[in-house]
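J.: Starting off with a structure, shown below.
Nothing in this text is a laboratory measurement; each read-out follows from the coordinates by a stated rule. Since the model is a prediction, treat every value here as computed from it, not as a measurement. Reconstructed Cβ throughout: ideal geometry from the backbone, glycine too, with neighbour counts over all protein chains shown.
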Amino acid sequence: MRAPAIKKMIIPLLFAGLLLSGLLATVGLGLHWYFTGRKPTQPIAYSHNLHLETVGLECDHCHQYADRSPRAGIPPADVCMECHDSTAVDKPGIKMLKSFWEKKEPVPWLKVHIQPGHVYFTHKRHIKAGVECAYCHGQVKAMTTARKVRSLEMGWCVTCHREKNAATDCLTCHK
Ligand code: HEC
Ligand code: HEC
Ligand code: HEC
Ligand code: HEC
Ligand code: HEC
């Protein structure tokens, strides 16, 4: 009696297996998109493309600390107001910017890149070693607000560290 009972189960089991793997693939793709394509809706429709290509600013005009500290830094409204005190003042985005600035409140920009707390990363060492912003952040010049283009997973960090003879012991990146 046993063998036929199992035979009857095989088709439903195979079917369930197929369904499950389909589901896992969908969830996996979703997560992959979330972690590599992340682009939150920001409070002000800022455009990197406009400010880099048309206005002609460089990254370090706004992300001033990249070459000298772990964090690159998000520019305070003061940096924007150097120009927007008088430029495009009637535009809704600039009105919003100005209202934060007048209240002395930081613009609530949402984080695009989020590393787990156990990971230590530093910009300074990479910039000093000549790694371009674009290697890790993609063509920001072509973006409006920033979008995450790399997974920033451990394997990706370690692969480059091996290639460039940088440290690969665990305590380099986990403190
Ligand atoms: C080796 C890869 C790498 C390079 C090169 C790099 N970044 Fe980053 N960047 C990262 C990682 C990883 C994070 C997330 C760090 C975190 O969450 O602690 C990040 C975060 C940021 C952030 C947000 C948080 C912060 O640090 O203030 C800004 C802004 C930024 N990068 C700008 C730049 C600019 C501008 C350059 C070039 C001057 C640059 N990055 C070069 C990997 C890189
Ligand atoms: C060096 C000068 C300069 C700085 C600094 C600057 N901007 Fe601009 N920004 C401009 C110019 C020029 C324009 C185009 C104005 C136009 O189209 O009339 C512009 C346009 C904009 C617009 C689009 C307005 C619209 O709706 O057409 C927004 C939003 C904006 N900037 C936000 C910012 C923010 C946020 C910062 C700071 C992180 C900043 N800008 C820093 C010069 C600057
Ligand atoms: C006029 C100021 C300005 C300039 C110039 C500028 N940025 Fe930004 N950047 C911002 C602002 C404001 C944000 C926050 C909104 C967003 O996420 O796009 C930001 C966000 C980012 C982020 C995402 C930070 C996070 O939350 O993880 C990266 C990466 C970044 N910029 C890279 C660059 C690079 C690379 C350049 C040069 C090619 C550059 N930026 C030039 C103003 C600027
Ligand atoms: C494009 C290649 C490249 C990528 C990608 C990269 N790194 Fe690095 N990293 C380097 C190089 C080269 C150095 C060595 C710089 C030096 O010798 O001063 C370095 C140095 C470091 C240091 C300082 C090491 C020390 O000796 O104190 C840390 C921490 C670090 N990287 C973390 C990371 C993390 C975390 C990531 C991934 C999110 C990452 N790196 C991705 C090339 C890379
Ligand atoms: C060059 C940087 C770097 C080095 C070296 C490194 N890690 Fe990581 N590690 C990361 C980053 C970035 C993450 C977070 C992203 C991720 O989960 O892939 C991470 C995540 C992890 C996690 C959590 C994984 C998870 O799924 O949540 C563990 C555990 C870990 N590392 C262990 C180690 C051990 C053990 C070593 C030494 C053999 C090591 N790491 C060396 C960068 C590094």
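J.: Once phi is turned into ³J(HN,Hα) by the Karplus curve 6.51 cos²θ - 1.76 cosθ + 1.60 with θ = phi - 60°, what whole-Hz value does each residue of segment 65-75 show in order, with x for glycine and proline?
T.: Karplus-based 3J(HN,Hα) across segment 65-75 equals 9, 3, 8, 9, 7, x, 9, 6, x, 9, x Hz.
J.: How far is it, in nm, from the label point at LYS175 to the one at GLU102 when both lie 7 Å from their Cα along the line to the Cβ?
T.: Each label point lies 7 Å from its Cα, and together they span 4.1 nm.
J.: Between ARG125 and ALA88, what is the label-point separation in nm under the 7 Å Cα-to-beta-carbon projection?
T.: Here the modelled spin labels are 3.8 nm apart.
J.: Just subtract the alpha-carbon distance of SER47 and CYS160 from 0.36 nm times their residue separation and send over the number in nm, one decimal.
T.: Numbers: separation 113, 0.36 × 113 = 40.68 nm, distance 3.03 nm.
Going from the current span to full extension adds 37.7 nm.
J.: Can you tell me how much longer the chain between GLU153 and GLU58 gets when fully stretched, taken as 0.36 nm per residue apart minus their C-alpha distance, in nm with one decimal? Before the final figure, lay out the partial values.
T.: Working: separation 95, 0.36 × 95 = 34.20 nm, distance 2.75 nm.
Gain in length upon complete extension: 31.5 nm.
J.: Related question: Got a sec to turn the phi values of segment 144-153 into Karplus ³J(HN,Hα) couplings, 6.51 cos²θ - 1.76 cosθ + 1.60 with θ = phi - 60°, whole Hz, x for Gly and Pro?
T.: Listing the rounded values in order: 7, 6, 5, 10, 7, 10, 10, 5, 6, 7 Hz.
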